1. Which ones in the stretch A:40-61 are within 18 Å of A:Thr103 (Cβ to Cβ) and within 9 Å of chain B (Cβ to nearest Cβ)?
2. Here is a list of conditions, (1) more than 7 Å from chain B (Cβ to nearest Cβ); (2) touching a helix residue (DSSP H, G or I) at 6+ places or on another chain (Cβ under 9 Å), and A:Gly32 meets all of them except one; can you say which number that is?
3. Collect the residues in the stretch B:358-375 that are part of a helix (DSSP H, G or I) and surrounded by 16 or more Cβ atoms within 10 Å (Cβ to Cβ), keeping them in residue-number order.
4. Being modelled with pLDDT of 95 or more and within 12 Å of chain A (Cβ to nearest Cβ) narrows it down to one residue among B:Val67, B:Val37; which is it?
5. Does A:Arg233 satisfy the criteria of being without any contact (Cβ under 8 Å) to a residue 40 or more places away in the chain and either buried (at least 19 other Cβ atoms within 10 Å of the Cβ) or not hydrophobic (A, V, I, L, M, F, W, C) (or both)?
6. Determine whether A:Ala318 is among the hydrophobic types (A, V, I, L, M, F, W, C), assigned to a helix (DSSP H, G or I), under 31 Å from the mean Cα position of the chain (by Cα) and surrounded by fewer than 19 Cβ atoms within 10 Å (Cβ to Cβ).
7. What number of residues within the stretch A:236-258 satisfy the criterion of being buried (at least 22 other Cβ atoms within 10 Å of the Cβ) and hydroxyl-bearing (Ser, Thr, Tyr)?
8. Would you be able to tell me the number of residues in the stretch B:1-47 that are in a helix (DSSP H, G or I), within 14 Å of A:Leu52 (Cβ to Cβ) and not charged (D, E, K, R)?
Number of protein chains: 2
Amino acid sequence: MLVVQKYGGTSVGTPERIREVAKRAAETHDAGHQVAVVVSAMSGETNRLLALAKQVTDRPDERESDVLVSTGEQVTVALLAMTLKSMGYPSFSMLGHQIEIETDSAFGRARIQRINAERILSGLRQGNIVVVAGFQGVDAQDNITTLGRGGSDTTAVAIAAALKADACEIYTDVDGVYSADPRICPNARKLSRISYDEMLELASLGAKVLQIRSVEFAKRYQVPVHVRSSFSREEGTWLVHEEPSMEEVTVSGVTSDLDQAKITILHVPDRPGLAAKVFGPIAEANIVVDMIIQNASADGSTDLTFTVPKGDAAKALASVKALLPELGAQGVTHDVDVAKVSIVGLGMRSHAGVAARMFQLLAREGINILMISTSEIKISVVIDAKYTELAVRVLHDAFVTPPK
Amino acid sequence: MLVVQKYGGTSVGTPERIREVAKRAAETHDAGHQVAVVVSAMSGETNRLLALAKQVTDRPDERESDVLVSTGEQVTVALLAMTLKSMGYPSFSMLGHQIEIETDSAFGRARIQRINAERILSGLRQGNIVVVAGFQGVDAQDNITTLGRGGSDTTAVAIAAALKADACEIYTDVDGVYSADPRICPNARKLSRISYDEMLELASLGAKVLQIRSVEFAKRYQVPVHVRSSFSREEGTWLVHEEPSMEEVTVSGVTSDLDQAKITILHVPDRPGLAAKVFGPIAEANIVVDMIIQNASADGSTDLTFTVPKGDAAKALASVKALLPELGAQGVTHDVDVAKVSIVGLGMRSHAGVAARMFQLLAREGINILMISTSEIKISVVIDAKYTELAVRVLHDAFVTPPK
């Protein structure tokens, strides 16, 4: 088998931890597999480097920031490869530009466009454990780029796709993907398998296990991803292509996201182009709008409500306030004490009445629903933040099949 | 003018220092010059990285060590380029592989073979201050290499040669090259100019201002090097091609080197191949032998004396002891309390009797000469270490013309 293993910052946070990672990779190699290892910067290192940048300038240039922070992964790959060699395992490190992980030129949030698998493959064929720097690439002009926080997941999945690996193992400090956050919901259980689409919804809804872009990549190239713990040998959760049996489970997981702020523009005359007028400036300010709801009333005016990440609320609010005269709106209100709770499952497509049951369950607990948004395999509601844990537990216990 | 400036680890040791370097480069740019800046790792950084390596393995792989330590310069170039940009100066950083500083594959002590000046030149032409990582290159297989300690000097001179720069300014914490160490010799004076050949002798004799390889490079490509202080605007010392007037000065400088150990093999039968037998194993142990003296006596036996760096004395001694039976020697003695004192000057070639006068001056002070070695423009003697300062002062006051 050809296996790609990815270890995050905590797993390589100290020289001792790096030796543990080396042992694990060596074990896999000893079992007769070809092994490529993707690693992140040692935990804390990226922040240390960014702090250095902040000491020379308030607005660090984006190109140079990438030159700076990409050293974090470079340090880790060198240390890991030399550890493996000292243990007697042939090994060498590879950086983004050496592999040719070609990306676009969006510094700090670049997207992988092409990977040259040749040098890694030839290294593996010669018996090496090849150690790959996560998070980094080069653009067409040979500038160093980085993929944004959590980008090492994407590197691992993209490398696995390019190598046509049999498995892409993502090692984390949790032992898999859970049907809900176990800290909120004692009945939460580890999912042995989950479809890419479900994982996409879970990742974007606040389950912090995998970077969402890496899941998109895994889905597109059908990479078999295995999320598992670096502290145990137990199987974790496999991300797989959808299978018929998966539809039998209505809901795979329940998630909550407290990083939500709700903004409502009151009583706007409902004219064509209203949404564009409101959301154009917000997008230009690089604020990601999540849910949008518009209710037209009989008098030709409407209330427009949307959610943004809490940290962007003030900026979004200011942008809206500046527009009020032009919009002819009555005013604007906002609420940062809200949460989004969602249920996700392939089975929703064929099981009718899931939404109705969800609303009933929440109503029975006296939880008021402020916004609703649905997709084919997901239903999200925005509620008062204080009910978050209660809502998750109620929905999980009602929808998710208990462990066998 | 096209100017290459090089700043060492102390000059870029903190964010504040980096801002000072940025100001100095910007000033030069404002004066209408094209400026490329070569920088080292922040002081202490290379040692920090090597200490990390030592925590994972006792014998770090050389290729991976270079991947590791080259991050030091990468951090500095990013910080300096972003500082310059924040001050409103167009600037970008370049790493060894981006420039194409091609070296051989001798990791940790690589030699530059070829530099592609094109990208730097086009950056300069567009008005940028181009910031170049010192100390690093890539070999023909795209592996990262480093040039060894002090290698940033060599990078600067090599870049200056490739760009056909009008000046290569080496900024240090001293304000130039002195006729002797001012801490030993109060009469020492700053040399305004010195020939490459003299500087080569001075560099190899322990004057720590410039890495010797950078001087060789400067000589070969006739790069006008200007050694000066990063703390003042005063002119420092120019390294120049030899000029007739230089011969008028007999001695340019006096140096001392305490990092010397003397080893003597006593009473060896003098047979052909003796030296090869002794120095073969020592060279294989990577020990650099400095002076060698052999005195044949009438009875067909000889005493063989040589010097090595103090840190290698024990290893060299062990190597010699193992050979004693085979050599048929009487025994071996050693002495680590010795120093090498040298006088250097182009004028020696035409001034007779310099050596004799040197020996007289030392004899008058009661200083016994243990070994003598001469080149065309240098005379070195090994003496008892305790007389080092006295010898330097006596020779300096007698030979070096006092400042006008």
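The values are calculated or read from the model by the stated rules, or taken from the named source; none is laboratory data. Just so it is clear, the model here is predicted, and its values are computed rather than measured. Ideal geometry is used to build each Cβ from the backbone, glycine not excepted, and the neighbour counts take in all protein chains shown.
1. Answer for the stretch A:40-61, where residues must be within 18 Å of A:Thr103 (Cβ to Cβ) and within 9 Å of chain B (Cβ to nearest Cβ): just A:Asp61.
2. That leaves (2) as the condition not met.
3. Narrowing the stretch B:358-375 to residues part of a helix (DSSP H, G or I): B:358-364.
Hits for the stretch B:358-375 are B:Met358, B:Leu361, B:Leu362.
4. Only one candidate passes the filter, namely B:Val67.
5. Numbers: without any contact (Cβ under 8 Å) to a residue 40 or more places away in the chain: yes; either buried (at least 19 other Cβ atoms within 10 Å of the Cβ) or not hydrophobic (A, V, I, L, M, F, W, C) (or both): yes.
Spelling it out, A:Arg233 is indeed without any contact (Cβ under 8 Å) to a residue 40 or more places away in the chain and either buried (at least 19 other Cβ atoms within 10 Å of the Cβ) or not hydrophobic (A, V, I, L, M, F, W, C) (or both).
6. Numbers: among the hydrophobic types (A, V, I, L, M, F, W, C): yes; assigned to a helix (DSSP H, G or I): yes; under 31 Å from the mean Cα position of the chain (by Cα): yes; surrounded by fewer than 19 Cβ atoms within 10 Å (Cβ to Cβ): yes.
For A:Ala318, the condition - among the hydrophobic types (A, V, I, L, M, F, W, C), assigned to a helix (DSSP H, G or I), under 31 Å from the mean Cα position of the chain (by Cα) and surrounded by fewer than 19 Cβ atoms within 10 Å (Cβ to Cβ) - is met.
7. As a first pass, look at the stretch A:236-258 and keep what is buried (at least 22 other Cβ atoms within 10 Å of the Cβ): A:236-237, A:239, A:251-256.
Then drop every residue that is not hydroxyl-bearing (Ser, Thr, Tyr), which leaves A:237, A:252, A:255-256.
Of the residues in that region, 4 qualify.
8. To start, the set of residues in the stretch B:1-47 that are in a helix (DSSP H, G or I) comprises B:15-30, B:45-47.
If we keep only those that are within 14 Å of A:Leu52 (Cβ to Cβ) as well, we get B:15-19, B:45.
Within this subset, residues satisfying the condition of being not charged (D, E, K, R) are B:15, B:18.
Of the residues in the stretch B:1-47, 2 are in a helix (DSSP H, G or I), within 14 Å of A:Leu52 (Cβ to Cβ) and not charged (D, E, K, R).
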